[in-house]
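The values are calculated or read from the model by the stated rules, or taken from the named source; none is laboratory data. Small disclaimer: the values here were computed from a predicted structure and weren't measured. Cβ: placed from backbone, ideal geometry, glycine included. Neighbour counts: every protein chain shown.
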Amino acid sequence: MRRRTIAGYGAAGAGAIALTLFVGWWRVDGPGAPEPIGQRPMALTEMDFRLTDHEGNEVGPETLIGRPTMAFFGFTYCPDVCPTTLSDISGWLDDLGDEAKQLNVVFITVDPERDTVEAMAEYVSYFHPAIRGWTGPEGQIARIADGFRAAYERVPTEGGDYTMNHTASVFLFGAAGRFVTMIDYHEPREFAVPKIRRALEEETEGAT
Amino acid sequence: MKKIIMTGTLAALLTFGGLSVPALAGPVDVVVESAWSRASIGMNRPGAAYMTIRNTGDEPVTLIGLSTPLAMMPEIHETKTNAEGVSSMSAAGEIAIAPGESVALEPGGLHAMLMRLQQPMTEGETFPLTLLFVDGGEVTVEVPILGIAARGPED
Ligand SMILES: [Cu+2]
């Protein structure tokens, strides 16, 4: 399409158009583009956040680096997607058996206002014991979500309550912190477990 | 939680937990199958219940709402996940079921959202949930409460 348009103009015009197109490309698709939601998550080594796990320990990206990681965003007031995903994760971990012991498994709240350390501790206790619950100040939650390219939004409901829309995919990182892949919501278990194995097998070297 | 006392009927329903529970009432020819829900932590968080609603009659039926002593604001909700992987929940509105057809309320899709719980949902107990239809018909089903990490009616 672009070539055909250029062919109709003189050399100078073509040059100007090419420049315009290049600038357009730079802004829309190229390195100058704003990074849209849904883009590839950053490596854990490039992230910067401070949170607290459900046992009160301070955690950050360095807590995860060195072992493969499976992470999921949600909130404990979520009646449908979050318990379903956490029970799916529990099932995958059961399927993996001993292999699962090498994994960091983290449930990160997008609703720190209600999900205190105590709330996270009680909630994760009902699922696979490998699952850690992370919470923290709103600004730090925003930073980790940004690093993961995860989205969340507070939505008021009838009667003055609120619910949270949020990215429901499960993120997988290799031991060196490099993003490997994600498991989409509704993805069958026969796809999920091999994906987790890919993260487990990811080289420890060569993170970026 | 003493309000829900196990009567003979409830005990029978519990025994047939995962099986089909015929729930015929009034003029609505509807059978509710495989009803289940997850236990709650306290009363502040909303609960969710799942089931298959089958229209066994010759006429279409339209589900317009829910009622239960367990929750002040029960509502049929639908979870949707968009192309970016972001999940959201909203009221599903009326649900028409053609004769011979069924509608599944299952995790990640339609669910009976139980807002404003009046008592905690305790694993091993049941609660009555009434489905309200447009013609005034009602169907009440006893919903077993499974563990928080339950994945389906058989868990
Ligand atoms: Cu809902």
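Structure data summary
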| quantity | calculated |
| --- | --- |
| Per-region count, the range A:169-181, residues touching a Phe, Trp or Tyr at 6+ places or on another chain (Cβ under 8 Å), within 13 Å of chain B (Cβ to nearest Cβ) and not in a loop (DSSP other than H, G, I, E, B) | 2 |
| The one condition in (1) in contact with a strand residue (DSSP E or B) (Cβ under 6 Å, 6 or more places away or on another chain); (2) more than 19 Å from A:VAL81 (Cβ to Cβ) that B:PRO46 fails to fulfil | (2) |
| Test set (1) in a loop (DSSP other than H, G, I, E, B); (2) within 11 Å of another protein chain (Cβ to nearest Cβ) - A:GLY91 fails condition number | (1) |
| Test: residue in the range B:101-108 that is surrounded by 15 or more Cβ atoms within 10 Å (Cβ to Cβ) and among the small types (Gly, Ala, Ser) | yes |
| The range B:82-93 - residue that is surrounded by fewer than 19 Cβ atoms within 10 Å (Cβ to Cβ) and away from the ligand (no atom under 15 Å from the Cβ) and, of those, farthest from the other protein chains (Cβ to nearest Cβ) | B:ASN82 |
| Within the range B:87-154, strands (runs of 3 or more DSSP E) holding 1 or more residues that are more than 28 Å from A:TYR126 (Cα to Cα) and of a type in the set (Asp, Glu) | B:138-146 |
| Qualifying residues in the range A:62-91 (those that are without any contact (Cβ under 8 Å) to a residue 60 or more places away in the chain, more than 14 Å from the ligand (Cβ to nearest atom) and more than 17 Å from the chain's Cα centre (by Cα)) - the one surrounded by the most Cβ atoms within 10 Å (Cβ to Cβ) | A:THR76 |
| The range A:135-168, subset of a type in the set (Gly, Ala, Ser) and touching a Ser or Thr at 6+ places or on another chain (Cβ under 9 Å), residue farthest from the other protein chains (Cβ to nearest Cβ) | A:GLY136 |
| Pair list, Cβ < 7 Å and 6+ apart or interchain, from the range A:180-200 residues that are in the same structural domain as A:THR167 (by TED's automatic domain parsing) to residues that are in a loop (DSSP other than H, G, I, E, B) and surrounded by fewer than 16 Cβ atoms within 10 Å (Cβ to Cβ) | none |
| Subset of the range A:148-179 [aliphatic (A, V, I, L, M), in contact (Cβ under 8 Å) with a residue 24 or more places away in the chain and out of contact with any Gly (no Cβ under 7 Å at 6 or more places or on another chain)] | A:ALA150, A:ALA151, A:MET164, A:VAL170, A:LEU172 |
| Among (1) more than 22 Å from A:GLY177 (Cβ to Cβ); (2) within 14 Å of chain B (Cβ to nearest Cβ), the one test that A:PHE73 misses | (1) |
| Selection status of B:VAL103, more than 14 Å from chain A (Cβ to nearest Cβ) and either within 11 Å of the ligand (Cβ to nearest atom) or within 22 Å of B:PRO144 (Cα to Cα) (or both) | yes |
| Test: residue in the range A:109-116 that is farther than 17 Å from B:GLY47 by Cβ, free of Cβ contacts under 8 Å to residues at least 60 places away in the same chain and of a type in the set (Lys, Arg) | no |
| Strands (runs of 3 or more DSSP E) fully within the range B:17-81 counting 2 or more residues that are at pLDDT 95 or above and away from the ligand (no atom under 15 Å from the Cβ) | B:30-38, B:47-55, B:61-67 |
